[in-house]
Each structure stands twice: as C-alpha cells, then as structure tokens.
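As structure tokens, the structure follows; a few thoughts come after it.
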Amino acid sequence: MAVKLRVSFYYVGDLTKATRAYSAFLGVTPFYEDKDWVRFHLEGGDLALHRNEGLAETAAHQPIQFGAVISFTVQDIQATLKSAMDNGFHLVGDVQDFPYGKQVELRDPWGNRLSLVEPK
C-alpha cells in the first residue's frame, strides 16, 4: 500500500491576512476557500490554513521544541526568503549551508514553523 501526503495545515488567527501572505509567498492562489479553511495545491501535497480567531500574532522568536515544520523546496532561497519576509514571515536564524543544500527556518505571523531548502 502506497501512502501519500494529502494535506498539511496550520492554524492562523486572521484567515484573510494569512491567505494574502501565503498566496504572495507561495506564488499561487487557493483552490478552495470558505470562512474557516483555505487550501493551496502544491507539488507533493496541499497546504491548508484553518481559522482560529483566538490565535494572536507573534513577532517573538520564542524557542519551539515540538510541532510540525513544513519544508518547501525552492530554486532561489534568497529571493524566496525576501518574498516571505516582505509578506510578514519572520526569519529564525541564518541561512545555513548543508551537504544537501541551503536551508533556513521561518515562522508565519502566528508562529507556525516553515523551512526553505535550496538543493545543491
């Protein structure tokens, strides 16, 4: 039996703001939207945003030991990082160079963790 990733999702406090930010960052528009959910089709699976009105934005870089990290493969990590930061995402640490490529961690305005990887 083959297992495929269908959808990963993050909770966000402002679905309209998050939809704009993720659309600009990902370079795609949602294929599905309602008052509680937004879903983006991406190569390899879908990313969804789920509304949680009680979730406040955070600019703090508090350490997070657990929780999901969605990793995106990108062609140009610096350009993608600039786009993400221009759309309200926060940089966590520096771009690192690993044997498999460059990698950096981001958080969206609600603290959700993302990783960008530019393969070698």
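Just so it is clear, none of the values below were taken in a lab; they were calculated from the coordinates. The structure displayed is predicted, hence computed values, not measured ones. Virtual Cβ from ideal backbone geometry, glycine too; neighbours counted across all protein chains shown.
Close amide H contacts of residue 74 (hydrogens built in the peptide plane, cut-off under 5 Å, sequence separation of 5 or more or a different chain): 117, 118. For segment 85-100, putting each phi into the Karplus relation 6.51 cos²θ - 1.76 cosθ + 1.60 with θ = phi - 60° gives couplings of 5, 5, 10, x, 7, 10, 6, 10, x, 9, 5, 10, 10, 10, x, 8 Hz, in residue order, rounded to whole numbers and with x for Gly and Pro. Remark: the chain carries a charge dipole of roughly 180 debye about the Cα centre, counting +1 on each Lys and Arg Cβ and -1 on each Asp and Glu Cβ. Spatially close Lys pairs in the chain, defined by Cα atoms under 28 Å apart and a spacing of eight or more places or different chains, total 8.
Where the alpha-carbon atoms of the chain are placed on the principal axes, they occupy 42, 41, 27 Å, in descending order.
For the peptides 41-48, 92-99, the ranking by mean Cβ contacts within 10 Å, running from highest to lowest, is 41-48, 92-99.
In segment 1-107, what trypsin sites (Lys or Arg not before Pro) fall in a loop by DSSP, with at most 10 other Cβ atoms inside 10 Å?
Here the trypsin sites (Lys or Arg not before Pro) that fit, given the DSSP loop and packing criteria, are 4, 6, 35.
Across segment 15-120, the mean sequence separation of Cα contacts (distance under 8 Å, 6 or more residues apart), normalised by length, yields a relative contact order of 24 percent.
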